[in-house]
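Let me begin by presenting the structure, written as structure tokens, before commenting on it.
The values are calculated or read from the model by the stated rules, or taken from the named source; none is laboratory data. Note that the structure is a prediction, hence the values are computed from the model and not measured. Positions of Cβ are backbone-derived with ideal geometry, glycine not excepted, and every protein chain shown enters the neighbour counts. Protein only, heavy atoms only, side chains kept; ligands, DNA and RNA dropped before computing areas. Shrake-Rupley method; radii C 1.70, N 1.55, O 1.52, S 1.80 Å.
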Amino acid sequence: AGRGDNQKLFDGVQGTTKSLTQSAIHHASTHRPWRRSVRCGGMGKQCEHMHRRREGAGPVARTLLLATAVKLLLVPCYKSTDFEVHRNWLAITGTLPLARWYTEATSQWTLDYPPLFGWFERGLAQLAPLADPGLLTVQAGPYDSPAAVLFQRGTVMLADGVLMVGVLWQTSGVHYGGSRGGGLSLDSGRQLSGQQSMSGGGSVTPRGLALLLAVFSPGLLLVDHVHFQYNGMMLGLLLCALAAIGHGRPVLGAALFSVLLHMKHIFVYAAPAVAAHLLVFHALHLHTQQGRTGAAVARCVGYVAVAAATTAVSFGPVAAAGQLTNMFARLFPFGRGLSHAYWAPNFWALYNTADKVAAALGKKMGADVAAPAGYLAGGMAGHGGTGAQTHAVLPTVIPAAAFALVVAAMTPGIVAHCRCRGAGWNTRSSGVPGGAGAGGAMAGRSAVDAGGVGVAESAGGSWGATSIRSSGTGGGGRGDGRVGDAL
């Protein structure tokens, strides 16, 4: 019976995908761009710009249509345990009060995301019974049904809308380039270099290409639409935050980034860089370069206010329920292991390997090495989570040490970025009041590193959708190119 249900699901998805794909291909084959020769009366460039924007809507719509078709084909594919993780979170947040979100442990897949993501799951839970009431069952074992699969896969597709908004916002005003304030432009007022006309006379534009690369990202397709997660939505929030900053609205960018942190706290790794950029390029320069000390202070107060407000909305109800300690224990589960059951492909995997090799050599040499089976699974909490020695030979790694190493590793990059303003690069910016184009400056530095002499022009502002023209000479050769830097 289960096999028959899955076959029906697959047949239904296949039929829907076929219809969507045929519709998209038909639209592509019949599409004709708006002609620039349309008479606009007295409207002039304004009317021409409206025609161009209408012309750009077709490729965006076709891209989204084809992306949805591909994602629908992936609905019956393999799914990881994360599918049941999020199914259980639906049940927890949808049926239990907030006071039990971070203590419920009927299933091993306990809620370990910040409260704002819990509220997101609760919102989805209001719709889940329409697809399958069993989705909201809190139980130790997994729950699965064709309707449950289709519903949860569908929520990821809908959540990807945030990614699309982020890409479009990040590249807003850059569909045709040409103006210095227009943002990303691979070649001012022209198509991509060497670009040929597409079917029906259309063309690939920087904005369309950015959207195409984002929605068809193999990593996101595999991790979100096969494995099962909501990374597209999170990256979309990040893009929205950076777009707001780049378009001269840094306080809004800070607010969006704060929301991101309270949705998925792993993005805290980017917080130092974002905070440094906001302070140096969007607050301190008001004081140092324009003498507007009051404006600089007000900007910093704005940063603090939006961060505090977001934290209050997120953590306040949890604190009122007396669950802050349990929440932080779930958000930072050091007892899971320094490399989470040997999975993490990072520096600590090498550290663990070195410890195991050293322990094996020590035993062969007759040394008394305490290395019980699976001893590294204790991670930062020691053998079995007891707080004892974590490694047999090498020093124990505590959370504070890991944090210090992370900060030390990212500090040189942050300092180099903050020094771009005073490095003497030829940067110009619009869209950020009084701001220099950090993206352009960094591109100029890259041109110097690559060719010897670099010149950069940034049109979209610091960390915004920038138009970068870099040229470099040196090393016996000469290069000249235009690079679109979406971040």
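Derived scalar couplings between HN and Hα for region 213-225 equal 5, 6, 6, 9, 4, x, x, 5, 4, 6, 6, 8, 9 Hz in order, rounded to whole Hz, by the Karplus curve 6.51 cos²θ - 1.76 cosθ + 1.60 (θ = phi - 60°), x for Gly and Pro. Extending 7 Å from Cα along the Cβ direction at Arg419 and again at Phe328 yields two label points whose distance is 3.6 nm. Under 19 Å from a label point set 7 Å out along the Cα-to-Cβ vector of Leu158, the amide N atoms of region 120-146 belong to 120-137, 145-146.
What the Cβ-Cβ distance of Thr353 and Tyr78 gives, at R0 = 25 Å and to the nearest 0.05, is a FRET efficiency of 0.30.
Per residue, the average separation of C-alpha pairs within less than 8 Å and at least 6 apart gives region 210-337 a relative contact order of 18 percent. Against the criterion of solvent-accessible heavy-atom surface with a 1.4 angstrom probe, Trp348, Trp101, Trp119 sort, most first, into Trp119, Trp348, Trp101.
In this Cβ point-charge picture (+1 for Lys and Arg, -1 for Asp and Glu), region 276-376 has a dipole of about 100 debye about its Cα centre. Given R0 = 22 Å, the distance between the Cβ atoms of Leu130 and Leu98 translates into a calculated FRET efficiency of 0.40.
Our coupling estimate for region 148-159, obtained by passing each phi through the Karplus curve with A = 6.51, B = -1.76, C = 1.60 and θ = phi - 60°, is 5, 4, 4, 5, 5, 4, x, 5, 5, 4, 5, 5 Hz, Gly and Pro reported as x. Here the calculated FRET efficiency for Val369 and Ala61, from their Cβ-Cβ distance with R0 = 56 Å, stands at 0.30, rounded to the nearest 0.05. Here the peptides 236-246, 260-270, 406-416 are ranked by packing, the mean other Cβ count within 10 Å, and the order with the highest first is 236-246, 260-270, 406-416.
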